[in-house]
Amino acid sequence: MRKSVETRDRIVKAAISVFGQVGYDAAAMSEVATQAGVAKGTLYLYFPSKEKLFEEIYLQCLAERLQACGVDTEEQLSVMEKLCRRLRNGTRWELAEPVKNQLVRAYLTHPVFGRRVTHVVESLNTQALTPIFEQGVKEGDLRALPPEMLMEMYIRFGSAVYYYIEKHPEDEENEALWLQIYASLRGCLAAAE
């Protein structure tokens, strides 16, 4: 059993490398098998199609990103502090894992996969964020809007930050900028005092 897990992990790691280098459409399963050190038939025992392999890569990368976002957010922080920390953690993951980040984006924007994956992303984001937003609304820390709407605002805000930092990675360590980002996020989501 352990060997099969190790083989599966080697295949996924090789696929991340191959898909990251040439993209989904140009990736060849034979190249993934070669890099993983397995026969092509063995690869297909684990992943019956290139689509299934890409889906597995996407889900693993997304789960890793969501886990990174939640680092150091379980301690006694205010709702806004948790949201700000999640935002910064996610940005750091994207900079630290550019190939995995690229694969997540490629999956989401691919004409075949992007349409059918929305429910997975929404489900994972909902699991992670709903309790935070519900707590914030209940305690009066966040605007009295439906938590779903607040989550959508937060995700869109985060996307803008991620895209900016990706173009200007030197600003990731700019604390003055982050203070302004946090202030803008509070202005968007926080309840009026």
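The values are calculated or read from the model by the stated rules, or taken from the named source; none is laboratory data. Predicted model only: the values in this text are computed from it and were never measured. Methodologically, a virtual Cβ is constructed for each residue, glycine included, from the backbone with ideal geometry; neighbour enumeration extends over all protein chains shown. With ligands, DNA and RNA removed, areas are computed over all heavy atoms of the protein, side chains included. Shrake-Rupley method; radii C 1.70, N 1.55, O 1.52, S 1.80 Å.
Between residue 166 and residue 186, what length comes free when the chain is fully extended (0.36 nm per residue of separation minus the Cα-Cα distance, one decimal in nm)?
5.0 nm
Springs between alpha-carbon pairs under 10 angstrom, Gaussian network model over the chain: which of 65, 105, 92 fluctuates most?
Looking only at 65, 105, 92, the biggest GNM fluctuation is shown by 105.
Can you check how the C-alpha radius of gyration of region 1-70 compares to 2.2 N^0.38 Å, as a plain ratio?
Dividing the Cα radius of gyration by 2.2 N^0.38 Å gives 1.09.
Anyone know which of 90, 41, 158 comes out most mobile in the 10 Å Cα GNM of the chain?
It is 41.
With respect to the cross-link table entries 100/167; 50/167; 13/167; 82/138; 52/100; 13/82, which display a Cα-Cα separation exceeding 24 Å?
Violating the 24 Å limit, Cα to Cα: 50/167; 13/167; 13/82.
Lys and Arg at +1, Asp and Glu at -1: add these up for the other residues within a Cβ distance under 14 Å of residue 74 and post the number.
0
Around residue 102, with a cut-off of 11 angstrom between Cβ atoms, what is the net charge of the other residues, counting Lys and Arg +1 and Asp and Glu -1?
-1
Could you list the square roots of 5 times each eigenvalue of the Cα gyration tensor of region 128-171, that is, the equivalent ellipsoid semi-axes, sorted largest first and rounded to whole Å?
Its equivalent ellipsoid spans semi-axes of 26, 9, 8 Å.
From the helices alone, meaning DSSP H stretches of at least four residues, give me the mean residue ellipticity at 222 nm for the chain, per-run term -39500 (n - 2.57), in deg cm²/dmol to the nearest 500.
So the calculated ellipticity at 222 nm is -25500 deg cm²/dmol.
Which percent of the accessible area of region 65-193 is formed by carbon and sulfur heavy atoms (probe 1.4 angstrom)?
Its accessible area is 55 percent carbon and sulfur atoms.
Dividing the alpha-carbon radius of gyration of region 60-112 by 2.2 N^0.38 Å (N being the number of residues), what value is obtained?
So region 60-112 has a normalised radius of gyration of 1.28.
Could you give the size of the charge dipole of the chain about its Cα centre, using +1 on the Cβ of each K and R and -1 on the Cβ of each D and E, expressed in debye and rounded to the nearest 20?
820 debye
With the other protein chains left in place, how much accessible area per residue, in square angstrom, belongs to the chain at a 1.4 angstrom probe?
Using a 1.4 Å probe on heavy atoms only, each residue of the chain averages 56 Å².
Quick one: if you stick a label point 7 Å off each Cα along the C-beta vector at residue 77 and residue 105, how many nm between them?
2.4 nm
Scanning the chain for helices, which whole DSSP H stretches are 18 Å or more long along the axis (Cα) and average 0.5 or more by Kyte-Doolittle?
Helices passing the filter in the chain: 175-189.
Considering the values [x] 15.5, 48; [y] 18.0, 60; [z] 19.1, 63, which represents Rg and Dmax of the Cα atoms in Å as calculated for the structure under consideration?
Entry [z].
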